[in-house]
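A quick write-up on the structure given underneath.
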Amino acid sequence: MIDTRRRAQPRGKPQVIDGVALPGPVERVVKGIILTVACALVILPFVGIISTSLATPEQVTQAGGFVFLPTGIDLGAYRMIFAGGVVTQALWISVLVTSVGTAISLALTTTLGWALSRRGAFGVRAMLLLVLVSLLFNPGIIPSYLVVQQLGLLDSLWALIIPTSVSAFNVVVVRAFFVRLPHEIIDSARIDGASEWQLFTRIGLPLSKPVLAVVGLFYGVGYWNAFFNALLYMSDASKWPLQLVLRTFVVDGTQLGGQDLGIDAGALPPQTSLQMAILVVSVVPVLLVYPFLQRHFAQGMLTGAVKG
C-alpha cells in the first residue's frame, strides 16, 4: 500500500505539498503586513468620505472639512442633494443613459461577435480586420465631434450613448467566447433546420451568460463613469450626467448654491459634506452591482479571451 501520510520535513527547509513550497512564517507575516497596509490605503479614504458626508455641520466645521470618525450622524447633505435640484436630475440622467446604453451596447456587441465567429461567412475576415484596426487607431476628438455634430446629436442624450455603443475589445472577447462553443451542438441544431437567428438566440446567448455579465458590467461602468463626452457634446446643464456634476462641484470646487439644489440657500450644510455626499452617490451603485457579477469574471473573461 502507498503511504499517503505527509512526511516530516527537515528543519530549516520549506514545507512542500504537491511540489509547491509553502511560505515560511516570516514570509507569511510580511505578506500579511503588506496586504493589510494595501487594504487600509484603499478602504480608509472611502471611510473618511462616508464619515464626512454623515457628520454634523458643527463637526465638519471644527475639523476643517474632513471628518474620519463622526460623533453624530446627520443626513442633511443627502436630503439636500435629493431635494430635486441639479444632482437629482443628473442622477436620473445617468441611470437612463447607463441602462439604455448598456442594453444597446450588449445587443450590438453580441450580434457582431456572433457574426464574426461564423467562420467562412461572407465578409467576416474584412469585418474582423476592421474591428482589430479600430483597437489600434483612435479617430481623435475633433473628428468625433464633427461626426456627432453632423448627425445632429449635440445637446442630446444620444450623444452620450451612440459614440461609445460598441467597444472593439469587448467584441473580440465575445467573439472568442462564441468561437469556443461546441460545434457539435450548433451543427446538430442546423441539421434540425434551425436558422442562424435561432442558433444565436437559443444556443449562443443562453451559453454566453458569463461573458455577457462581464461585458455588461464593463459597459455599465463605462457609461456610469463617463463625463468627457458630456463635457464635449452637452452645453445644456440640465442634461448633464452625474459624473459631470461631480467634476464641476467636487473636482473643480464650484460652490453648490440653493438654486442648484432647489432649496433655501440659508439652510445649506457645509460644502464639504455636500461634495462627499455626491461622491458617495456616484460610487455606491457600482459597488452594489459588482459583487453579483464578480463570480463570472474568471469564466467570462479569462477563458473566453485566452483560448479564443
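If a/c stays under 1.5 just call it rounded; otherwise compare a/b with b/c (prolate if a/b is bigger, oblate if not). Do that for the chain, with a ≥ b ≥ c from the square roots of the Cα gyration tensor eigenvalues. Cα axes put the chain in the oblate bin. Placing dummy labels 7 Å off each Cα toward the beta-carbon, the span from residue 259 to residue 83 is 1.5 nm. Taking all protein chains into account, the per residue accessible area for the chain stands at 60 Å² (1.4 Å probe).
Its Cα centre serving as origin, the chain has a Cβ charge dipole (Lys and Arg +1, Asp and Glu -1) of approximately 1560 debye. Please name which of 145, 173, 289 has its Cα lying farthest along the dipole of the chain towards the positive end, using unit charges on Cβ (Lys, Arg +1; Asp, Glu -1) and the Cα centre as origin. The Cα lying farthest towards the positive end belongs to 173. Treating r as the C-beta distance of residue 137 and residue 201 and R0 as 41 Å, the FRET efficiency rounds to 0.75.
Where only DSSP H runs of four or more residues are counted, the chain gives -18000 deg cm²/dmol as its mean residue ellipticity at 222 nm, each run worth -39500 (n - 2.57).
Subtracting the Cα-Cα distance of residue 75 and residue 124 from their residue separation scaled by 0.36 nm leaves 12.0 nm.
Residue 247 to residue 155: extension gain in nm, 0.36 nm per residue of separation minus the Cα-Cα distance?
31.3 nm
Counting heavy atoms of the protein chains alone, residue 47 has an accessible area of about 50 Å² for a 1.4 Å probe.
In what order, largest first, do 292, 169, 178 sit by accessible area if the probe radius is 1.4 Å? Kindly include the intermediate steps, with their values, before the conclusion.
Working: 292 155, 169 100, 178 0 Å².
Ranking 292, 169, 178 by accessible area, largest first, yields 292, 169, 178.
For segment 180-235, the Cβ-based charge dipole about the Cα centre amounts to some 180 debye (Lys, Arg positive; Asp, Glu negative; other atoms uncharged). Projecting the Cα atoms of 92, 251, 44 onto the dipole axis of the chain, where Lys and Arg carry +1 and Asp and Glu carry -1 at the beta carbon, places 44 farthest toward the positive end. Expressed as a whole percent, the accessible area of the chain that falls on carbon and sulfur atoms is 67 (1.4 Å probe). Between residue 147 and residue 107, the simple label model (points 7 Å from Cα in the Cβ direction) yields a spacing of 2.0 nm. Using θ = phi - 60° in the Karplus curve 6.51 cos²θ - 1.76 cosθ + 1.60, the 3J(HN,Hα) couplings for segment 122-136 round to 5, x, 5, 5, 5, 5, 5, 5, 5, 5, 5, 5, 5, 6, 9 Hz; x is entered for Gly and Pro.
The values are calculated or read from the model by the stated rules, or taken from the named source; none is laboratory data. Owing to the predicted nature of the structure, the values given are computational and were not obtained by experimental measurement. Here the Cβ is made from the backbone with ideal geometry for all residues, glycine too, and neighbour counts use every protein chain on show. Surface accessibility is based on the protein's heavy atoms, side chains included, excluding ligands, DNA and RNA. Shrake-Rupley method; radii C 1.70, N 1.55, O 1.52, S 1.80 Å.
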